1. Cα centroid distance between region A:489-539 and region B:231-283, in Å?
2. Two decimals is fine: what is log10 I(q)/I(0) at q = 0.11, 0.12 Å⁻¹ for chain A, from a Debye sum with one equal scatterer on every Cα and no solvent?
3. Going by how many other Cβ atoms sit within 10 Å of their own, how do A:477, B:212 line up, fewest first?
4. Helix-only estimate, please: 222 nm mean residue ellipticity of chain B, summing -39500 (n - 2.57) across DSSP H runs of length 4 or more and dividing by its residues, to the nearest 500.
5. Express the relative contact order of chain B as a whole percentage, based on alpha carbon pairs under 8 Å and six or more residues apart in sequence.
6. Hey, what D do you get for region A:66-146 in µm²/s if you plug the Kirkwood alpha-carbon radius into Stokes-Einstein at 37 °C and 0.692 mPa s?
7. Averaged over A:441-453, how many beta carbons belonging to a partner chain fall within 10 Å of each residue's beta carbon?
8. In whole percent, what relative contact order does chain A give with Cα contacts below 8 Å and a gap of six or more residues?
């Protein structure tokens, strides 16, 4: 039989697979435990344990929700100013006096009725207007609007941080609102190595705005405003430049830019790392259709002028508009590769609606508790032992075959997870238990089939070959169906569902290999040492 | 060794009884959830965080044991974590929201936790902090989780329809949904809290159920070639009998290991193990009684494609055996 000639190669393949995966997945664990020598690149790939199994960092931060209220109030004030200008009603100043109030002064007596009408149109849904004395009005955000805006800010901050942490590759963080006032967030991250970087990524607002440059750059604020008589024109604002990468000094240059952004972060479709014309790392972004239309309009009608790329109120760069640009753009500014990557991540995950202040940072133990993990491990080992005993008693020598397949399965899975730098959590282990169960099931299917085939008395070799040929399609269908499910769970799920899907996916692939290839080779190996017309196997 | 020597039970005859029984269980579960609600653990409902500092090293299991004595199931799924550096002897306790808390008395749960710790006599302690904490599983995670599950089931439906018959796909997905609902019903009957661990268990049994059902359907597909003149009910019954040994052994070995986890896995893993226990029993039951029954119902009197002409390449070889 041809199959028996390939036996040497099959055996070597299996040995090679076992050695490679054991080196990646098992050796680092053993080496660390017993202090054996191991190359650092191998140790760096070690399997990580999640928050529930090993603990991590516990961060509490306050979300400064008033920021969001202030932005909203400023926006409405700006809107009112614009509407008044269009109607030709000139007023003195519009000042934001607190996060929820703004004040309009100097409303001319003769235009008072018109002012009230416009103000009613622009602000009545969200703001209450105090009666004007001497042409001054105060607008206060309605309490229910303020409350829902505060809540919305928390939800947004929560979701943004969730996206950022997930993009950072941190598996299954715990993020929850915290504190009696509901204005804090609790973030527990599994034992990541670079806490400072994680904190920075979580904390930065990452508010991107593209604004037309009206003046500058200038060395001082005074120089910048000189052409305008020392005053900031009403629809413009002064923004300082980003820290100079060579000196690290912030705000040494000043720009006068349009207050209203041509395009902002919410118009972004994606952001990724690329290279600028000097082959330096830069962030490439593309815009959603709506943003692209706006961007095309602005760039098309302002050729030759400069566009400031403003990130968190700092001008990152101010390229000249050389042509009409629609959907693509680039932010350069002397980034390192990691800085560019982090910025792209922050832009992709959206801007935080408010700034944040860290209140607490602590190390925490596993959420499952060291005690539960210990008893869980004991129970799992006991369960495994029961299965092993059953398989050997019920299937005799073939049972050992199944156990060998199970062990190889375990080695491959550990190796793959370590190679991908995956983090093991309880849902991940659940996915693993499922594949172990399916592994035993695969063997049972094969063995039961061999028993049936042996009953036909056509010899052991024929029975084994026929069984594997037939059961191959059974296993193929069960595994592919589960693989499809795992792929969908991974694609659309988050957190624990993703962790489950990852181990399930990896486990299913290694299971197909062990139950079809390894198990068959073991049978053939045993049968090759017996006469070709043997009628039975130990099963 | 063989468990069943030429098994020949008439499973299909019991399909109406089985469907009725399942319906009763699922409806009872729905009624329980409707009236009492699924009790939610701190992961889903949010609750209270209490941080305490002991004077000497105190293992988390003693803290957990103390907290688990709390009335109204407050302490059932408490999360107990070491907090801060080991030398500080601090422990963080997170307990789920209770009725008392939701009516506005915010400090009541925290007080109860501290009282329980003091009563348990595990050494002098001081309270470092107490805070309200929201759910870890937020709206987004819930929505995405549901969406992911629906897509996964749709994927399985499409694959089985492609490789087998559409009626089989309906049967398999119905059986999987059945196991999901029955497990939820039992979680409600026995008042287990929904936690992330339980979700992991539910995902696992869903996968188990699909695998189990496809194995039987695979045998039906094989028999369709060799038993061209028989009707579907008979063919299905033969297939269920042929695979009965495997079904029982697989379910048995899996149950063995899950039972070990349930008995010795400790408080925290009990919910997970219970979910798996119920799910595996339900999964095996639905494979034998529900999946095929639904497939037969769906197929009705329509002819089965592939019973006359072999459908897929691997089924082209003539059948070797006529069972029973």
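1. 20 Å
2. After summing over all Cα pairs, the log10 values are -1.05, -1.17.
3. A:477, B:212
4. Dividing the helical sum by the residues of chain B leaves -19500 deg cm²/dmol.
5. Working: 459 pairs, mean separation 81.1, N = 324.
The normalised contact order for chain B reaches 25 percent.
6. Numbers: Rh = 12.4 Å.
For the chosen part, D equals 264 µm²/s.
7. Numbers: counts 11, 3, 3, 9, 7, 1, 3, 10, 3, 0, 3, 6, 2.
Mean partner shielding for this stretch: 5.
8. Details: 899 pairs, mean separation 103.1, N = 539.
The normalised contact order for chain A reaches 19 percent.
Coordinate-derived values only; no laboratory data. Model, not experiment: these values are computed from the prediction. With ideal geometry, Cβ positions are generated from the backbone for all residues, glycine too; neighbour counts draw on all protein chains shown.
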